[in-house]
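Take a look at the structure set out below.
Only the coordinates and a few stated rules stand behind these numbers; no lab work does. Small disclaimer: the values here were computed from a predicted structure and weren't measured. Backbone-built Cβ (ideal geometry, glycine too); neighbour counts: all protein chains shown.
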Amino acid sequence: MTVAFYIMAAIAVLGAVMAIALRNVVHAVFSVLLFFSALAGLFILLLAEFIAVVQVLVYIGSVGILMLFAIMLTTKVTGDPTRKLLSRGWAWGGLVSGALLLAFLVPLITQSKSESNSQLSNFNPSVKDLGLTLMDPYFASVGVIALLLTAGLIAAVVAASSASGE
Amino acid sequence: MTMEVTDIVWVIVKAAMVAIALLSFSNLAVLAERKVSSWIQGRVGPNRTTLPLLGAIPILGTGLTRMGLFQPVADGLKLLLKEDPVPDHVNKFYFFLAPVASMIPAITIVVVLPFGQIIADGVASPLVLADLDIGILFIFAVSSLGVYGMILAGWASNSKYPFLGGIRSSAQMISYELSMGLSILPVFMWANAPGAETGLNLFSLVQHQQLVWGVIFMPFSALLFLISIFAETNRLPFDMPESESELVAGFNTEYGSFKFGLFFAAEYAHIIVGSGVFTVLFLGGWHPLPVYSSAISLPEGSVGTLLSIGIFLVKTFLVVFFFMWIRWTLPRFRYDQIMKLGWTMMLPLALVNLVLYAIILALMTPVTH
Amino acid sequence: MEITLNHYLILSAVLFTIGLIGALTRRHIIIMLVCLEIMLNAANLNLIAFWHFGPNPILLHGPLFTLFTIAIAATEAALGLALVLAIYRHFKTVDLEQVQDLKE
């Protein structure tokens with residue numbers, strides 16, 4: 001378990017770093033796919049198999065393809081090496097992010113005691129339990145999400161087609 | 001972990017056996033396609049290729065030669081030994097990755113596909129590499145990765161026709177994934193009606209179909225799903241990505257030799273796996289009759305196991321034959337027709353189908369409170 | 001050493017920061033969307049980790065909230081990439097620094 005965690009964590013960090021550091025956008029999207037799959041592995045380690053499969057289905061199966069699609073329609077295969085990588089004021093952005101990381105990490109590292117045993121050992125969450133909980137206490141949320149997805153679908157179609165109508 | 005070394009070896013051996021079986025079937029499917037096409041077009045098909053020693057055996061050898069059984073060997077050798085051209089203008093890394101990426105999903109899906117049963121002491125257990133609770137979700141997750149092979153090949157080739165093929169394939173596969181997912185929801189609603197606790201497990205779904213096959217209870221779902229797998233496997237009439245009269249050969253135009261062979265084998269592996277999934281979901285897996293009769297049921301022991309595998313394979317191959325039959329019967333759609341069919345026909349029909357079966361199943365369920 | 005909740009929290013904090021750095025410093029519009037996805041995923045990891053080590057996992061709060069987040073993230077990605085296409089058709093660039101005019 002420990003080894004698996006460190007391997008997955010290393011792949012996730014590597015994928016994320018490569019995604020933001022690589023100049024070629026297609027390489028960046030493929031590294032983020034690596035990151036997504038490492039997270040799916042971590043979800044399996046945390047006994048959330050259903051979420052892991054949904055992660056693969058939604059992120060690697062759909063979002064990744066959408067990103068590649070958008071890149072294929074907007075950039076050339078070889079990329080454009082002369083284009084600038086960083087935005088203006090990137091130093092400020094880096095500074096703010098670094099400060100935030102420090103704010104996250106200091107309490108986590110200084111705190112010596114941490115929860116290590118899981119209550120999940122005597123309870124295996126099944127898809128059925130998930131579905132029943134989803135349909136009973138969270139029914140309103142499911143409705144809102146369904147509405148949001150429909151609105152998003154229509155908005156995406158409108159945004160993409162109005163541009164081509166010009 | 002509690003796993004012994006012998007267990008791990010046994011798992012690897014089983015996995016290798018299934019993978020080898022799938023790959024040999026996909027090679028034979030290529031031969032079957034040629035034979036079926038020649039049969040439909042009133043030709044003879046491959047019947048000359050022979051091996052030096054085997055072909056000389058009096059009746060057996062000539063019979064095998066006439067059946068064209070040595071043809072896959074010759075095809076495979078040809079693809080292996082030919083020069084492997086890599087054009088200068090391609091992106092090398094992704095160009096090599098693409099054929100592999102198109103082969104992986106087909107082999108991975110087989111892991112959760114139950115292909116037989118073992119009955120011991122009256123209790124049936126599945127013959128499957130991994131009996132997942134979320135089997136069908138796993139299949140959807142992995143099959144959605146299949147598009148990467150084509151999109152990569154089209155993009156990395158860095159030339160017009162492959163690029164168009166790649167774009168077309170990804171748009172087509174995303175569109176038909178929706179109706180594919182929606183079309184099988186009624187099946188799992190049916191299998192999870194009160195009194196039946198199937199979950200999303202494929203083995204339990206097959207056992208649930210012992211009374212009546214899915215295709216009889218919900219033929220419309222089966223039709224929608226079948227059309228969707230035609231689109232997902234890029235078979236004619238949906239073979240937009242490689243429509244040879246418009247795009248040369250589509251996404252694999254720049255490929256030759258062994259890499260082309262991988263694409264080719266992957267296509268047939270996808271067809272076989274898709275037919276297997278269809279068999280499990282709608283054709284009752286290894287249950288011999290569409291409607292249950294106590295007179296004909298599989299016996300216990302190894303005979304029953306072999307029979308169940310045999311029945312499953314026969315059904316799968318019949319679906320594969322249907323794939324080929326359609327290919328040599330129907331002409332190709334135009335691209336806008338495919339998108340129109342996917343979004344304005346298949347998707348609404350799948351939704352209507354879902355609502356309809358929700359109502360039917362609710363009416364069938366006895367009110368308890 | 002045993003893996004504790006803090007390990008997951010530190011990992012998720014690092015991943016979130018990487019995403020934030022990317023979103024604040026890169027100028028390619030698709031990379032910015034990628035960074036948003038990285039940040040959302042880091043948050044999901046937090047949710048699942050808290051659920052796993054939390055006192056009452058039988059309530060399934062973690063997976064449910066993650067499911068909702070994934071649904072929202074998928075909408076965001078689809079809409080965002082549609083906007084990318086619209087911007088590209090209008091401005092002929094994917095460089096956010098050059099997308100400055102509100103009018104023609």
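The table below gives the values:
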{"read-out": "Exposure proxy ranking, count of Cβ atoms within 10 Å, fewest first, for B:F138, A:F139", "value": "A:F139, B:F138"}
{"read-out": "Trypsin sites (Lys or Arg not before Pro) within the stretch C:5-104, DSSP loop, no more than 13 other Cβ atoms inside 10 Å", "value": "C:K92, C:K103"}
{"read-out": "In nm, spacing of pseudo-spin labels at B:V9 and A:I109 (7 Å Cα→C-beta vector)", "value": "4.7 nm"}
{"read-out": "Rg over Rh [alpha-carbon atoms, Kirkwood Rh] for the stretch C:5-98", "value": "1.10"}
{"read-out": "Inter-chain shielding of A:94-100 (mean C-beta neighbours from other protein chains, 10 Å cut-off)", "value": "4"}
{"read-out": "Förster-model FRET efficiency, 41 Å R0, A:V142 and B:W328, C-beta, rounded to 0.05", "value": "0.35"}
{"read-out": "Calculated Rg and Dmax of the stretch A:1-77 using C-alpha coordinates, Å", "value": "13.5, 43"}
{"read-out": "Rg over Rh [alpha-carbon atoms, Kirkwood Rh] for the protein assembly as shown", "value": "0.97"}
{"read-out": "Rounded tilt (10° steps) of B:71-81 against the dominant C-alpha axis of chain B", "value": "60 degrees"}
{"read-out": "Neighbour-count ranking [beta-carbon atoms within 10 angstrom, fewest first] of A:T133, A:T110", "value": "A:T110, A:T133"}
{"read-out": "Radius 14 Å from Cβ of C:G22, net charge of other residues (Lys, Arg +1; Asp, Glu -1)", "value": "+2"}
{"read-out": "Net charge of Cβ neighbours under 15 Å - reference B:I109; Lys, Arg +1; Asp, Glu -1", "value": "-4"}
{"read-out": "Tilt relative to chain B, helix B:301-327 - C-alpha long axis, 0 to 90 degrees, to 10", "value": "60 degrees"}
{"read-out": "Neighbourhood net charge (11 Å Cβ-Cβ; Lys/Arg +1, Asp/Glu -1) for B:G45", "value": "+4"}
{"read-out": "Footprinting exposure proxy for C:H90, A:H27, B:H270 (fewest neighbouring C-beta atoms within 10 Å first)", "value": "C:H90, A:H27, B:H270"}
{"read-out": "Stretchable slack from A:L100 to A:A10, in nm (0.36 nm times residue separation minus alpha-carbon distance)", "value": "30.3 nm"}
{"read-out": "The stretch B:101-123 and the stretch B:294-369: distance between their alpha carbon centers, rounded to Å", "value": "18 Å"}
{"read-out": "Nearest-ten-degree value, helix B:257-282 long axis tilted from longest Cα axis of chain B", "value": "20 degrees"}
{"read-out": "Residue mean of other protein chain beta carbons inside 10 Å, A:27-40", "value": "4"}
{"read-out": "At R0 = 60 Å, FRET efficiency that the Cβ-Cβ distance of B:N47 and C:Q98 yields, to 0.05", "value": "0.40"}
{"read-out": "Stokes-Einstein diffusion coefficient of chain B, Kirkwood radius over Cα pairs, 4 °C, 1.567 mPa s, in µm²/s", "value": "58 µm²/s"}
{"read-out": "FRET efficiency for B:Q337 and B:L185, using Cβ-Cβ distance with R0 set to 30 Å, rounded to 0.05", "value": "0.70"}
{"read-out": "Rg in Å to one decimal, and Dmax rounded to a whole Å, for the stretch B:276-366 via C-alpha atoms", "value": "18.7, 53"}
{"read-out": "³J(HN,Hα) computed for each position of the stretch B:164-171 - Karplus, 6.51 cos²θ - 1.76 cosθ + 1.60, integer Hz, glycine/proline x", "value": "4, x, x, 4, 4, 5, 5, 4"}
{"read-out": "Residue mean of other protein chain beta carbons inside 10 Å, C:57-69", "value": "6"}
